[in-house]
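Only one structure is covered here, and it is reproduced in the block below.
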Amino acid sequence: MQTITENTTIIKATLPERDPTKKQEVFYNPIMSSNRNISILLLNSISNKDMNIALPLAGSGIRGLRFLKELKKEKINKLFVNDKKENFVEVFNENLKLNEISKKTIKEKICIHYEDANLFLLNQIKHPETKSFCGYFDYIDIDPFGTPNPFISAAISRITRNGVIAITATDTAALTGTYLKVTKRKYWAVSLKNYMMHETGLRILIRKIQLQGIQFDKALIPILSYHKDHYFRIYFISEKSKEKCDQIIKQHQYLLFCSKCLNHEASNYNSNICQCGEKFQYAGPLWTGDLFNKELISTMAKNNPFPEEQKFLDILKEESKKDMVGFYDLHSIAKNYRSEPRRMDIIMKKLKAVKTHFSPNGIKTDKNIKEIVKLIK
Ligand SMILES: C[S@@+](CC[C@H](N)C(=O)[O-])C[C@H]1O[C@@H](n2cnc3c(N)ncnc32)[C@H](O)[C@@H]1O
Ligand SMILES: [Zn+2]
């Protein structure tokens with residue numbers, strides 16, 4: 001094992017050689033430091049205080065340690081860390097010492113568990129250590145290898161009103177159209193492999209998670225959703241509201257895509273003919289509502305203390321101004337219509353478009369494909 005430093009936190013772990021999902025004594029993935037940075041920034045940017053925070057799949061515990069050091073003082077009431085790796089309790093205790101976390105903080109704020117993640121979430125009500133704790137969490141972070149599916153139900157049942165559920169999914173192939181049968185089985189929708197596949201995959205995942213909340217009248221509203229490196233990440237606010245659940249269902253639609261003229265549109269139906277006469281392909285059902293809370297992403301981009309995240313946050317902020325389903329890919333359009341690619345900034349200005357983090361050549365605009373082509377030609 002080696003000593004690893006992430007921001008100001010030190011842990012003992014082995015670094016993955018190539019495949020980060022490969023067996024390691026203690027799980028630590030340096031690529032995910034961005035995922036952790038953004039979770040810290042988000043929690044410091046929302047108004048929630050005195051939170052009971054649960055990390056059911058804590059891995060090396062690096063996220064929990066960083067929360068203790070980097071979240072504003074008033075944010076944490078109790079921090080619950082759990083992992084079913086045999087040496088987890090011992091390693092986490094050692095890492096608390098390495099980071100000079102005070103005995104008082106450890107005694108008053110930290111609960112360390114070694115259980116199956118679902119049992120950990122569901123068992124808290126009767127756990128002897130928690131005493132006055134009511135068994136519900138204000139923030140739950142589901143950060144597994146691969147699909148989050150096994151842990152979604154327990155997380156939803158244990159989140160407080162207005163609590164935040166954060167979910168990572170690294171099984172991007174299953175959501176982006178590589179295995180159609182897998183998408184159907186695991187995510188109850190049809191994926192489509194084209195330049196929009198990361199957006200459609202993310203939206204398919206959002207709907208699947210929302211459906212699991214809706215059955216308990218819990219409306220899971222995305223406040224920040226993105227694709228980065230090899231994973232999807234979504235933060236939901238959970239609200240108890242039948243009306244909001246009904247509104248969510250109305251925003252579960254299909255995304256229709258025409259491979260001939262590159263037109264796209266949201267629809268309640270998965271079959272239609274494009275204006276050019278071609279039959280639409282489709283992805284979904286998927287979430288067609290907002291991916292971002294505009295104020296939140298704007299605050300995050302403004303108050304960000306991590307220089308390595310600034311560019312990404314600025315793109316998300318820009319994208320949130322046209323939070324619409326689907327985008328156009330300027331290279332695909334140029335290729336399809338045999339035109340020379342034009343300067344992106346000039347085209348964007350004319351189309352009143354914004355960039356999207358889903359693709360370096362992607363733009364979001366209210367204009368339709370005919371108007372875009374006219375401008376490019
Ligand atoms: C991707 S890692 C977590 C990384 C961590 N959240 C971080 O930010 O560094 C996934 C962890 O989940 C743990 N795990 C997998 N299945 C589990 C289960 N059913 N219950 C508890 N822990 C589990 C693994 O031991 C592994 O440490
Ligand atoms: Zn068409």
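Kindly check whether there is at least one residue in the range 264-275 that is surrounded by 18 or more Cβ atoms within 10 Å (Cβ to Cβ), more than 16 Å from ligand 1 (Cβ to nearest atom), modelled with pLDDT of 95 or more and within 17 Å of the chain's Cα centre (by Cα).
Checked the range 264-275: no residue is surrounded by 18 or more Cβ atoms within 10 Å (Cβ to Cβ), more than 16 Å from ligand 1 (Cβ to nearest atom), modelled with pLDDT of 95 or more and within 17 Å of the chain's Cα centre (by Cα).
For the range 150-189, what are the residues that are over 19 Å from G289 (Cβ atoms), touching a residue at least 24 places away in the same chain (Cβ under 8 Å) and of a type in the set (V, I, T)?
The answer is I159, T160, T168, T170, T172, T176.
Does I315 satisfy being in contact with a strand residue (DSSP E or B) (Cβ under 6 Å, 6 or more places away or on another chain) and either at pLDDT below 95 or in a helix (DSSP H, G or I) (or both)?
Yes, satisfied.
Is it true that L330 is within 22 Å of Y235 (Cβ to Cβ) and away from ligand 2 (no atom under 16 Å from the Cβ)?
In short, no.
If M348 passes every condition in (1) exposed (fewer than 13 other Cβ atoms within 10 Å of the Cβ); (2) free of Cβ contacts under 8 Å to residues at least 24 places away in the same chain but one, which one does it miss?
(1)
Condition first: in a helix (DSSP H, G or I) and at pLDDT below 95. Can you find one or more residues in the range 320-330 that meet it?
yes
Within the range 240-255, is even one residue touching a Phe, Trp or Tyr at 6+ places or on another chain (Cβ under 7 Å), free of Cβ contacts under 8 Å to residues at least 24 places away in the same chain and within 16 Å of ligand 2 (Cβ to nearest atom)?
No; the residues of the range 240-255 include none that is touching a Phe, Trp or Tyr at 6+ places or on another chain (Cβ under 7 Å), free of Cβ contacts under 8 Å to residues at least 24 places away in the same chain and within 16 Å of ligand 2 (Cβ to nearest atom).
State the number of residues belonging to the range 69-100 that are free of Cβ contacts under 8 Å to residues at least 40 places away in the same chain, surrounded by 17 or more Cβ atoms within 10 Å (Cβ to Cβ) and more than 16 Å from ligand 1 (Cβ to nearest atom).
Residues that pass the stated criteria total 2.
Inspect all residues belonging to the range 5-16 and state whether any of them is in the same structural domain as S157 (by TED's automatic domain parsing), within 16 Å of ligand 1 (Cβ to nearest atom), touching a residue at least 12 places away in the same chain (Cβ under 8 Å) and in a helix (DSSP H, G or I).
There is no residue in the range 5-16 that is in the same structural domain as S157 (by TED's automatic domain parsing), within 16 Å of ligand 1 (Cβ to nearest atom), touching a residue at least 12 places away in the same chain (Cβ under 8 Å) and in a helix (DSSP H, G or I).
Looking at this structure, is N123 in the same structural domain as L43 (by TED's automatic domain parsing), part of a strand (DSSP E or B) and at pLDDT 85 or above?
When the stated conditions are applied, N123 does not pass them.
Give me a count of the residues in the range 226-260 that are more than 16 Å from ligand 1 (Cβ to nearest atom), under 20 Å from D329 (Cβ atoms) and crowded, with 18+ Cβ neighbours inside 10 Å. Working first, answer last.
We begin by selecting, within the range 226-260, every residue more than 16 Å from ligand 1 (Cβ to nearest atom); these are 226-227, 236-260.
With the extra rule that they be under 20 Å from D329 (Cβ atoms), the set shrinks to 226-227, 254-260.
Still in the list and also crowded, with 18+ Cβ neighbours inside 10 Å: 226-227, 254-258.
Number of matching residues: 7.
Please go through (1) farther than 27 Å from K240 by Cβ; (2) within 16 Å of ligand 1 (Cβ to nearest atom) for K104 and return the number of the only condition it doesn't satisfy.
(2)
The values are calculated or read from the model by the stated rules, or taken from the named source; none is laboratory data. What you see is a predicted model, and the numbers here were worked out from it, not measured in a lab. With ideal geometry, Cβ positions are generated from the backbone for all residues, glycine too; neighbour counts draw on all protein chains shown.
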